[in-house]
1. Looking only at the stretch 209-238, how many residues end up being within 30 Å of LEU266 (Cβ to Cβ) and either assigned to a strand (DSSP E or B) or open to solvent by 50 Å² or more (accessible area, probe 1.4 Å) (or both)?
2. Conditions: (1) in contact with a strand residue (DSSP E or B) (Cβ under 8 Å, 6 or more places away or on another chain); (2) among the hydrophobic types (A, V, I, L, M, F, W, C); (3) open to solvent by less than 20 Å² (accessible area, probe 1.4 Å). ALA403 meets all but one. Number of the miss?
3. Quick one: is GLU432 closer than 20 Å to VAL196 by Cβ and acidic (Asp, Glu)?
4. So, GLY5, is that one at pLDDT below 95 and touching a helix residue (DSSP H, G or I) at 6+ places or on another chain (Cβ under 6 Å) or not?
5. Being loosely packed, with under 15 Cβ neighbours inside 10 Å, in a helix (DSSP H, G or I) and small (Gly, Ala, Ser), is that true of even one residue in the stretch 271-285?
6. Just to verify a result, which residue in the stretch 250-270, among those that are of a type in the set (Gly, Ala, Ser) and over 24 Å from PHE340 (Cβ atoms), is least open to solvent (accessible area, probe 1.4 Å)?
7. Mind checking which residues of the stretch 345-398 are open to solvent by 60 Å² or more (accessible area, probe 1.4 Å), part of a helix (DSSP H, G or I) and not aliphatic (A, V, I, L, M)?
8. Looking at this structure, is TYR64 outside any helix (DSSP H, G or I), in contact with a helix residue (DSSP H, G or I) (Cβ under 9 Å, 6 or more places away or on another chain) and free of Cβ contacts under 8 Å to residues at least 60 places away in the same chain?
Amino acid sequence: MSATGDPSGTSPDSSAVAEVVDLVSALIRFDTSNTGDLATTKGEAECARWVIEQLEEVGYTTEYVESGAPGRGNVFARLPGADSSRGALLIHGHLDVVPAEAADWSVHPFSGAVRDGYVWGRGAVDMKDMVGMSLALARQFRREGTVPPRDIVFAFLADEENGGKWGSQWLVKHRPDLFDGITEAVGEVGGFSLTVPRPDGSDRRLYLVETAEKGLGWMRLRAKARAGHGSFLHEDNAVTILARAVARLGTHTFPLVVSDSVAEFLAAVSEESGLEFDPAGPDIEGRLAKLGTISRIIGATLRDTANPTMLSAGYKANVIPQTAEAVVDCRVVPGRQAEFEREVDELIGPDVEREWITKLDSYETTFDGHLVDAMNAAVLAHDPNGRTVPYMLSGGTDAKAFAELGIRCFGFAPLRLPPELDFTALFHGVDERVPVESLEFGTRVLEHFLLHS
(Lines give C-alpha, C1' and ligand atoms only; values in the text may rest on other atoms or scores of the structure.)
Protein backbone atom coordinates (compact mmCIF):
# COMPACT_ATOMS: atom_id res chain seq x y z
CA MET A 1 0.00 0.00 0.00
CA SER A 2 1.36 3.43 -0.89
CA ALA A 3 1.23 6.25 1.61
CA THR A 4 0.23 8.73 -1.06
CA GLY A 5 -3.21 7.33 -1.86
CA ASP A 6 -5.09 7.91 1.40
CA PRO A 7 -5.31 11.59 2.37
CA SER A 8 -7.84 10.87 5.10
CA GLY A 9 -5.52 8.76 7.27
CA THR A 10 -6.66 5.51 8.83
CA SER A 11 -10.04 3.93 9.44
CA PRO A 12 -11.30 3.25 12.98
CA ASP A 13 -10.99 -0.50 12.53
CA SER A 14 -7.36 -0.55 11.33
CA SER A 15 -5.18 -3.24 12.85
CA ALA A 16 -3.10 -0.67 14.72
CA VAL A 17 -6.16 0.85 16.39
CA ALA A 18 -7.49 -2.63 17.14
CA GLU A 19 -4.39 -3.78 19.00
CA VAL A 20 -2.98 -0.60 20.56
CA VAL A 21 -4.75 -1.06 23.91
CA ASP A 22 -3.52 -4.63 24.26
CA LEU A 23 0.03 -3.57 23.38
CA VAL A 24 0.06 -0.73 25.91
CA SER A 25 -1.37 -3.02 28.58
CA ALA A 26 1.28 -5.66 27.83
CA LEU A 27 4.08 -3.07 27.95
CA ILE A 28 2.89 -1.86 31.36
CA ARG A 29 3.03 -5.41 32.73
CA PHE A 30 6.82 -5.33 32.31
CA ASP A 31 8.17 -3.78 35.51
CA THR A 32 10.86 -1.55 34.01
CA SER A 33 11.36 0.60 37.11
CA ASN A 34 14.39 2.84 36.84
CA THR A 35 15.79 3.65 40.28
CA GLY A 36 18.80 5.52 38.90
CA ASP A 37 21.01 2.73 40.24
CA LEU A 38 22.44 0.15 37.84
CA ALA A 39 22.21 -2.57 40.48
CA THR A 40 18.49 -2.16 41.15
CA THR A 41 17.05 -1.01 37.82
CA LYS A 42 15.32 -3.92 36.12
CA GLY A 43 13.13 -5.12 33.33
CA GLU A 44 14.37 -3.07 30.39
CA ALA A 45 16.09 -5.94 28.58
CA GLU A 46 13.10 -8.26 29.02
CA CYS A 47 10.73 -5.62 27.69
CA ALA A 48 13.07 -4.75 24.81
CA ARG A 49 13.26 -8.39 23.73
CA TRP A 50 9.46 -8.60 23.79
CA VAL A 51 9.35 -5.52 21.52
CA ILE A 52 11.77 -7.31 19.19
CA GLU A 53 9.40 -10.29 19.06
CA GLN A 54 6.52 -8.03 18.07
CA LEU A 55 8.57 -6.41 15.31
CA GLU A 56 10.22 -9.53 13.93
CA GLU A 57 6.87 -11.34 13.90
CA VAL A 58 5.79 -9.05 11.05
CA GLY A 59 9.11 -9.11 9.21
CA TYR A 60 11.34 -6.36 10.59
CA THR A 61 15.08 -6.76 10.92
CA THR A 62 15.93 -5.35 14.35
CA GLU A 63 19.08 -4.36 16.17
CA TYR A 64 19.38 -4.86 19.92
CA VAL A 65 21.95 -2.72 21.72
CA GLU A 66 22.83 -2.68 25.42
CA SER A 67 23.89 0.87 26.17
CA GLY A 68 26.98 0.63 28.31
CA ALA A 69 25.71 -1.73 31.01
CA PRO A 70 24.09 -5.18 31.15
CA GLY A 71 20.33 -5.10 30.82
CA ARG A 72 20.02 -1.59 29.43
CA GLY A 73 18.21 -2.77 26.31
CA ASN A 74 17.52 -0.63 23.23
CA VAL A 75 15.79 -1.72 20.02
CA PHE A 76 16.09 -0.18 16.55
CA ALA A 77 14.10 -1.01 13.40
CA ARG A 78 13.98 0.84 10.06
CA LEU A 79 11.05 0.99 7.65
CA PRO A 80 12.25 2.06 4.18
CA GLY A 81 10.39 4.96 2.60
CA ALA A 82 9.56 5.96 -0.95
CA ASP A 83 12.39 8.50 -1.03
CA SER A 84 15.39 7.28 0.96
CA SER A 85 17.37 10.30 -0.20
CA ARG A 86 15.30 12.42 2.18
CA GLY A 87 16.41 12.64 5.78
CA ALA A 88 14.94 9.84 7.87
CA LEU A 89 12.43 10.43 10.67
CA LEU A 90 13.17 9.03 14.14
CA ILE A 91 10.19 7.90 16.24
CA HIS A 92 11.55 7.29 19.73
CA GLY A 93 10.13 6.12 23.03
CA HIS A 94 11.62 4.91 26.30
CA LEU A 95 10.79 1.60 27.94
CA ASP A 96 11.79 2.50 31.49
CA VAL A 97 9.46 4.05 34.06
CA VAL A 98 9.84 5.62 37.48
CA PRO A 99 9.20 3.32 40.47
CA ALA A 100 5.74 2.99 41.99
CA GLU A 101 4.51 1.95 45.44
CA ALA A 102 1.72 -0.58 44.90
CA ALA A 103 0.12 0.18 48.28
CA ASP A 104 -0.67 3.73 47.13
CA TRP A 105 -2.55 2.69 43.98
CA SER A 106 -6.16 1.74 43.22
CA VAL A 107 -4.84 -1.01 40.93
CA HIS A 108 -1.45 -2.71 40.87
CA PRO A 109 0.87 -0.31 39.03
CA PHE A 110 2.21 -3.10 36.79
CA SER A 111 -1.11 -4.78 36.05
CA GLY A 112 -1.90 -2.92 32.83
CA ALA A 113 -5.54 -3.17 33.90
CA VAL A 114 -8.19 -1.98 31.43
CA ARG A 115 -11.22 -0.66 33.29
CA ASP A 116 -13.56 2.34 33.40
CA GLY A 117 -12.40 3.37 29.94
CA TYR A 118 -8.71 3.65 30.89
CA VAL A 119 -5.52 1.62 30.69
CA TRP A 120 -3.99 1.80 34.18
CA GLY A 121 -0.41 1.45 35.33
CA ARG A 122 3.00 2.96 35.68
CA GLY A 123 4.07 4.25 32.29
CA ALA A 124 0.55 4.67 30.91
CA VAL A 125 1.35 8.29 29.99
CA ASP A 126 5.13 8.27 30.52
CA MET A 127 5.50 6.81 28.01
CA LYS A 128 4.25 3.34 27.17
CA ASP A 129 1.21 4.94 25.52
CA MET A 130 3.42 6.40 22.77
CA VAL A 131 5.53 3.22 22.66
CA GLY A 132 2.36 1.18 22.14
CA MET A 133 1.04 3.49 19.42
CA SER A 134 4.39 3.45 17.61
CA LEU A 135 4.68 -0.32 17.90
CA ALA A 136 1.11 -0.85 16.67
CA LEU A 137 1.72 1.31 13.62
CA ALA A 138 5.13 -0.21 12.90
CA ARG A 139 3.46 -3.65 12.88
CA GLN A 140 0.57 -2.49 10.70
CA PHE A 141 2.83 -0.79 8.16
CA ARG A 142 4.97 -3.89 7.75
CA ARG A 143 2.03 -6.27 7.55
CA GLU A 144 0.28 -4.19 4.91
CA GLY A 145 3.37 -3.28 2.90
CA THR A 146 2.99 0.42 3.60
CA VAL A 147 5.69 2.62 2.09
CA PRO A 148 5.92 5.94 3.95
CA PRO A 149 7.24 9.05 2.18
CA ARG A 150 10.64 8.76 3.89
CA ASP A 151 12.55 6.21 5.96
CA ILE A 152 11.21 5.83 9.49
CA VAL A 153 13.48 4.61 12.27
CA PHE A 154 11.64 3.23 15.30
CA ALA A 155 13.71 3.33 18.49
CA PHE A 156 12.70 1.88 21.87
CA LEU A 157 15.16 3.08 24.48
CA ALA A 158 16.48 2.56 28.00
CA ASP A 159 17.22 4.87 30.94
CA GLU A 160 15.36 8.04 29.94
CA GLU A 161 14.12 8.45 33.51
CA ASN A 162 17.73 8.81 34.65
CA GLY A 163 18.64 11.42 32.05
CA GLY A 164 19.60 8.83 29.42
CA LYS A 165 23.09 8.22 30.82
CA TRP A 166 22.74 4.51 30.03
CA GLY A 167 20.40 5.10 27.11
CA SER A 168 20.19 7.91 24.56
CA GLN A 169 23.24 9.80 25.85
CA TRP A 170 25.39 6.65 25.67
CA LEU A 171 24.04 5.73 22.23
CA VAL A 172 24.75 9.18 20.77
CA LYS A 173 28.28 9.09 22.10
CA HIS A 174 29.19 5.46 21.34
CA ARG A 175 26.84 4.44 18.50
CA PRO A 176 26.14 7.55 16.42
CA ASP A 177 25.96 5.26 13.37
CA LEU A 178 22.51 4.19 14.55
CA PHE A 179 21.29 7.70 13.72
CA ASP A 180 22.96 8.11 10.33
CA GLY A 181 20.72 9.94 7.90
CA ILE A 182 18.16 10.99 10.51
CA THR A 183 17.30 14.68 10.31
CA GLU A 184 14.16 14.96 12.45
CA ALA A 185 12.78 13.19 15.52
CA VAL A 186 9.44 12.88 17.29
CA GLY A 187 9.06 11.72 20.88
CA GLU A 188 7.07 12.22 24.07
CA VAL A 189 5.21 14.88 26.07
CA GLY A 190 3.54 16.67 23.20
CA GLY A 191 0.47 16.35 21.05
CA PHE A 192 -1.98 16.09 23.97
CA SER A 193 -5.04 18.32 23.99
CA LEU A 194 -5.84 21.29 26.19
CA THR A 195 -9.49 22.40 26.07
CA VAL A 196 -9.79 26.18 26.18
CA PRO A 197 -13.14 27.99 26.61
CA ARG A 198 -13.78 30.67 23.99
CA PRO A 199 -15.58 34.00 24.52
CA ASP A 200 -18.62 32.81 22.52
CA GLY A 201 -19.18 29.91 24.93
CA SER A 202 -17.70 27.22 22.69
CA ASP A 203 -14.48 25.29 23.33
CA ARG A 204 -11.29 24.92 21.30
CA ARG A 205 -8.90 22.00 21.68
CA LEU A 206 -5.27 23.06 21.47
CA TYR A 207 -2.79 20.26 20.80
CA LEU A 208 0.51 21.17 22.42
CA VAL A 209 3.56 20.32 20.31
CA GLU A 210 6.77 20.37 22.28
CA THR A 211 9.32 22.59 20.53
CA ALA A 212 11.53 23.36 23.52
CA GLU A 213 12.84 21.88 26.76
CA LYS A 214 14.46 23.49 29.74
CA GLY A 215 17.97 22.42 30.60
CA LEU A 216 18.17 19.62 33.15
CA GLY A 217 20.81 19.54 35.86
CA TRP A 218 21.13 17.58 39.07
CA MET A 219 23.54 19.48 41.29
CA ARG A 220 25.33 18.27 44.42
CA LEU A 221 26.09 20.82 47.12
CA ARG A 222 28.71 20.04 49.75
CA ALA A 223 29.72 21.86 52.92
CA LYS A 224 32.78 20.88 54.95
CA ALA A 225 33.74 21.95 58.46
CA ARG A 226 35.48 20.64 61.56
CA ALA A 227 34.00 17.50 63.08
CA GLY A 228 33.45 17.42 66.82
CA HIS A 229 31.41 16.43 69.86
CA GLY A 230 27.73 17.30 69.72
CA SER A 231 27.79 18.80 73.23
CA PHE A 232 30.36 21.53 72.40
CA LEU A 233 29.76 24.97 70.94
CA HIS A 234 30.25 24.88 67.16
CA GLU A 235 30.23 28.09 65.16
CA ASP A 236 31.56 26.13 62.18
CA ASN A 237 29.00 23.37 61.51
CA ALA A 238 28.75 21.74 58.06
CA VAL A 239 25.08 20.92 58.55
CA THR A 240 24.20 24.50 59.44
CA ILE A 241 26.24 25.94 56.59
CA LEU A 242 24.58 23.64 54.09
CA ALA A 243 21.09 24.14 55.52
CA ARG A 244 21.35 27.91 55.16
CA ALA A 245 22.52 27.58 51.55
CA VAL A 246 19.79 25.09 50.67
CA ALA A 247 17.11 27.30 52.21
CA ARG A 248 18.29 30.35 50.27
CA LEU A 249 18.38 28.45 47.02
CA GLY A 250 15.10 26.62 47.54
CA THR A 251 13.14 29.79 48.32
CA HIS A 252 14.73 31.96 45.63
CA THR A 253 12.59 33.23 42.73
CA PHE A 254 14.57 33.43 39.51
CA PRO A 255 13.74 36.19 37.01
CA LEU A 256 10.94 35.78 34.52
CA VAL A 257 12.15 34.93 31.01
CA VAL A 258 9.82 34.32 28.06
CA SER A 259 11.29 32.19 25.29
CA ASP A 260 9.92 32.18 21.75
CA SER A 261 8.05 28.90 22.30
CA VAL A 262 6.36 30.18 25.44
CA ALA A 263 5.50 33.51 23.81
CA GLU A 264 3.87 31.72 20.86
CA PHE A 265 1.90 29.47 23.21
CA LEU A 266 0.63 32.40 25.27
CA ALA A 267 -0.32 34.32 22.11
CA ALA A 268 -2.31 31.34 20.78
CA VAL A 269 -4.15 30.80 24.08
CA SER A 270 -4.90 34.51 24.31
CA GLU A 271 -6.28 34.50 20.77
CA GLU A 272 -8.56 31.54 21.45
CA SER A 273 -9.70 32.39 24.97
CA GLY A 274 -9.80 36.17 24.90
CA LEU A 275 -7.67 36.22 28.06
CA GLU A 276 -4.63 38.45 28.19
CA PHE A 277 -1.32 36.84 29.15
CA ASP A 278 1.09 39.73 29.41
CA PRO A 279 4.46 38.34 30.57
CA ALA A 280 5.38 41.78 31.85
CA GLY A 281 2.17 42.05 33.83
CA PRO A 282 2.11 41.90 37.63
CA ASP A 283 0.17 38.62 37.89
CA ILE A 284 1.17 36.38 35.01
CA GLU A 285 1.16 33.28 37.26
CA GLY A 286 -2.36 34.10 38.45
CA ARG A 287 -3.60 34.46 34.91
CA LEU A 288 -1.98 31.19 33.91
CA ALA A 289 -3.90 29.47 36.71
CA LYS A 290 -7.07 30.10 34.67
CA LEU A 291 -5.79 27.45 32.24
CA GLY A 292 -6.18 24.76 34.89
CA THR A 293 -3.69 22.04 35.62
CA ILE A 294 -1.51 22.69 32.54
CA SER A 295 -0.42 25.87 34.32
CA ARG A 296 1.97 23.69 36.37
CA ILE A 297 4.03 23.05 33.26
CA ILE A 298 3.62 26.45 31.61
CA GLY A 299 4.34 28.38 34.80
CA ALA A 300 7.53 26.39 35.31
CA THR A 301 8.79 27.41 31.86
CA LEU A 302 8.75 31.12 32.72
CA ARG A 303 11.64 30.86 35.17
CA ASP A 304 14.60 28.76 36.12
CA THR A 305 13.96 26.47 39.06
CA ALA A 306 16.27 24.96 41.68
CA ASN A 307 14.44 22.55 43.95
CA PRO A 308 16.35 20.77 46.76
CA THR A 309 15.40 17.08 46.68
CA MET A 310 17.92 15.21 48.88
CA LEU A 311 19.86 15.87 52.09
CA SER A 312 22.60 13.77 53.69
CA ALA A 313 24.76 14.38 56.75
CA GLY A 314 26.05 12.71 59.86
CA TYR A 315 26.33 9.19 61.22
CA LYS A 316 25.56 9.58 64.95
CA ALA A 317 23.36 11.85 67.03
CA ASN A 318 26.18 13.22 69.20
CA VAL A 319 28.78 13.77 66.46
CA ILE A 320 29.07 16.98 64.44
CA PRO A 321 29.85 15.65 60.94
CA GLN A 322 32.69 16.93 58.82
CA THR A 323 30.60 16.93 55.64
CA ALA A 324 26.99 17.64 54.70
CA GLU A 325 25.55 17.21 51.21
CA ALA A 326 22.40 18.07 49.29
CA VAL A 327 21.10 17.37 45.81
CA VAL A 328 19.19 20.03 43.88
CA ASP A 329 17.05 19.49 40.78
CA CYS A 330 17.76 22.40 38.44
CA ARG A 331 15.77 23.27 35.30
CA VAL A 332 17.09 26.16 33.23
CA VAL A 333 15.36 28.22 30.54
CA PRO A 334 17.16 28.21 27.15
CA GLY A 335 19.91 30.81 27.03
CA ARG A 336 20.09 31.19 30.81
CA GLN A 337 22.72 28.63 31.87
CA ALA A 338 25.62 30.99 32.59
CA GLU A 339 23.45 33.51 34.41
CA PHE A 340 21.72 30.73 36.34
CA GLU A 341 25.03 29.37 37.64
CA ARG A 342 26.15 32.88 38.61
CA GLU A 343 22.97 33.38 40.67
CA VAL A 344 23.36 29.96 42.30
CA ASP A 345 26.92 30.76 43.35
CA GLU A 346 25.79 34.01 44.94
CA LEU A 347 23.01 32.25 46.83
CA ILE A 348 25.00 29.33 48.23
CA GLY A 349 28.05 31.45 49.14
CA PRO A 350 31.76 30.66 49.16
CA ASP A 351 31.60 28.00 51.89
CA VAL A 352 29.55 25.55 49.83
CA GLU A 353 30.97 23.60 46.90
CA ARG A 354 28.82 22.56 43.99
CA GLU A 355 29.20 20.03 41.21
CA TRP A 356 26.98 18.70 38.43
CA ILE A 357 25.91 15.08 38.79
CA THR A 358 23.98 15.35 35.52
CA LYS A 359 23.96 18.36 33.21
CA LEU A 360 21.95 18.33 29.99
CA ASP A 361 21.50 21.40 27.84
CA SER A 362 18.22 23.11 27.04
CA TYR A 363 16.76 22.81 23.57
CA GLU A 364 14.52 24.94 21.37
CA THR A 365 13.45 24.79 17.73
CA THR A 366 11.01 26.83 15.67
CA PHE A 367 7.37 25.93 15.07
CA ASP A 368 7.45 25.77 11.30
CA GLY A 369 8.33 23.58 8.35
CA HIS A 370 6.91 20.51 6.65
CA LEU A 371 6.92 18.31 9.75
CA VAL A 372 4.90 20.87 11.75
CA ASP A 373 2.47 21.19 8.83
CA ALA A 374 2.09 17.39 8.82
CA MET A 375 1.33 17.38 12.56
CA ASN A 376 -1.33 20.06 12.16
CA ALA A 377 -2.91 18.31 9.17
CA ALA A 378 -3.02 15.01 11.05
CA VAL A 379 -4.77 16.60 14.04
CA LEU A 380 -7.29 18.43 11.84
CA ALA A 381 -8.05 15.26 9.88
CA HIS A 382 -9.37 13.66 13.07
CA ASP A 383 -10.38 16.71 15.11
CA PRO A 384 -11.58 19.63 12.95
CA ASN A 385 -11.91 21.67 16.15
CA GLY A 386 -8.25 21.21 16.95
CA ARG A 387 -5.27 23.53 16.59
CA THR A 388 -1.61 22.74 17.11
CA VAL A 389 0.44 25.20 19.15
CA PRO A 390 4.05 25.12 20.35
CA TYR A 391 5.04 24.93 23.99
CA MET A 392 8.07 24.36 26.18
CA LEU A 393 8.41 21.32 28.43
CA SER A 394 9.55 22.07 31.96
CA GLY A 395 11.21 18.65 32.16
CA GLY A 396 13.46 16.81 29.74
CA THR A 397 13.40 13.93 27.27
CA ASP A 398 15.78 11.91 25.10
CA ALA A 399 15.52 14.72 22.55
CA LYS A 400 18.37 16.43 24.41
CA ALA A 401 20.73 13.68 23.27
CA PHE A 402 19.53 13.57 19.67
CA ALA A 403 19.80 17.34 19.34
CA GLU A 404 23.56 16.95 19.88
CA LEU A 405 23.68 15.18 16.49
CA GLY A 406 21.93 18.08 14.78
CA ILE A 407 18.58 16.29 14.70
CA ARG A 408 15.57 18.60 14.91
CA CYS A 409 13.33 17.32 17.69
CA PHE A 410 9.65 17.63 18.58
CA GLY A 411 7.31 16.12 21.16
CA PHE A 412 4.19 14.74 19.48
CA ALA A 413 2.41 11.82 21.14
CA PRO A 414 -1.15 12.77 20.18
CA LEU A 415 -3.95 12.25 22.69
CA ARG A 416 -7.42 13.81 22.69
CA LEU A 417 -8.09 14.11 26.42
CA PRO A 418 -11.28 14.63 28.44
CA PRO A 419 -11.30 18.28 29.57
CA GLU A 420 -11.77 17.25 33.22
CA LEU A 421 -8.74 14.92 33.32
CA ASP A 422 -5.80 16.27 35.34
CA PHE A 423 -3.29 14.97 32.83
CA THR A 424 -0.17 16.63 34.23
CA ALA A 425 -0.76 15.02 37.65
CA LEU A 426 -0.52 11.56 36.06
CA PHE A 427 3.15 11.94 35.11
CA HIS A 428 5.06 10.06 37.84
CA GLY A 429 1.83 10.17 39.87
CA VAL A 430 -0.34 7.63 41.67
CA ASP A 431 -3.02 5.88 39.55
CA GLU A 432 -1.34 6.83 36.28
CA ARG A 433 -3.70 5.97 33.43
CA VAL A 434 -4.58 6.85 29.84
CA PRO A 435 -8.05 6.87 28.27
CA VAL A 436 -8.70 4.05 25.80
CA GLU A 437 -10.38 6.49 23.40
CA SER A 438 -7.30 8.74 23.59
CA LEU A 439 -5.03 5.87 22.60
CA GLU A 440 -7.23 4.99 19.64
CA PHE A 441 -7.46 8.64 18.57
CA GLY A 442 -3.72 9.08 18.94
CA THR A 443 -3.02 6.02 16.81
CA ARG A 444 -5.18 7.41 14.01
CA VAL A 445 -3.51 10.82 14.18
CA LEU A 446 -0.02 9.35 14.38
CA GLU A 447 -0.69 7.17 11.34
CA HIS A 448 -1.87 10.14 9.30
CA PHE A 449 1.21 12.06 10.39
CA LEU A 450 3.66 9.28 9.51
CA LEU A 451 2.04 8.72 6.10
CA HIS A 452 2.41 12.41 5.24
CA SER A 453 5.68 13.34 6.95
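1. Initial filter on the stretch 209-238 (within 30 Å of LEU266 (Cβ to Cβ)): 209-219.
Retained after the next criterion (residues that are either assigned to a strand (DSSP E or B) or open to solvent by 50 Å² or more (accessible area, probe 1.4 Å) (or both)): 209-213, 215-219.
The qualifying residues number 10.
2. Against the list (1) in contact with a strand residue (DSSP E or B) (Cβ under 8 Å, 6 or more places away or on another chain); (2) among the hydrophobic types (A, V, I, L, M, F, W, C); (3) open to solvent by less than 20 Å² (accessible area, probe 1.4 Å), ALA403 comes up short only on (3).
3. Details: closer than 20 Å to VAL196 by Cβ: no; acidic (Asp, Glu): yes.
Taking the combined requirement at face value, the residue does not satisfy it.
4. Values: at pLDDT below 95: yes; touching a helix residue (DSSP H, G or I) at 6+ places or on another chain (Cβ under 6 Å): no.
The answer is no for GLY5.
5. Keep residues of the stretch 271-285 that are loosely packed, with under 15 Cβ neighbours inside 10 Å, which gives 271, 274, 276, 278-283, 285.
Still in the running and in a helix (DSSP H, G or I): 271, 285.
Still in the running and small (Gly, Ala, Ser): none.
There is no residue in the stretch 271-285 that is loosely packed, with under 15 Cβ neighbours inside 10 Å, in a helix (DSSP H, G or I) and small (Gly, Ala, Ser).
6. Keep residues of the stretch 250-270 that are of a type in the set (Gly, Ala, Ser), which gives 250, 259, 261, 263, 267-268, 270.
Cutting the leftovers down to over 24 Å from PHE340 (Cβ atoms) gives us 267-268, 270.
Values: ALA267: 59, ALA268: 5, SER270: 24 Å².
By that ranking, first place goes to ALA268.
7. Keep residues of the stretch 345-398 that are open to solvent by 60 Å² or more (accessible area, probe 1.4 Å), which gives 345-346, 350-351, 353-357, 359, 361, 364, 366, 368, 370, 373, 380, 384.
From the residues that got through so far, the ones that are part of a helix (DSSP H, G or I) too are 345-346, 370, 373, 380.
ASP345, GLU346, HIS370, ASP373, listed by residue number.
8. Numbers: outside any helix (DSSP H, G or I): yes; in contact with a helix residue (DSSP H, G or I) (Cβ under 9 Å, 6 or more places away or on another chain): yes; free of Cβ contacts under 8 Å to residues at least 60 places away in the same chain: yes.
Taking the combined requirement at face value, the residue satisfies it.
The values are calculated or read from the model by the stated rules, or taken from the named source; none is laboratory data. These numbers were taken from a predicted model, which means no experiment stands behind them. We place every Cβ from the backbone using ideal geometry, glycine too, and count neighbours over all the protein chains shown. Accessible surface areas use protein heavy atoms only, side chains included; no ligands, DNA or RNA. Shrake-Rupley method; radii C 1.70, N 1.55, O 1.52, S 1.80 Å.
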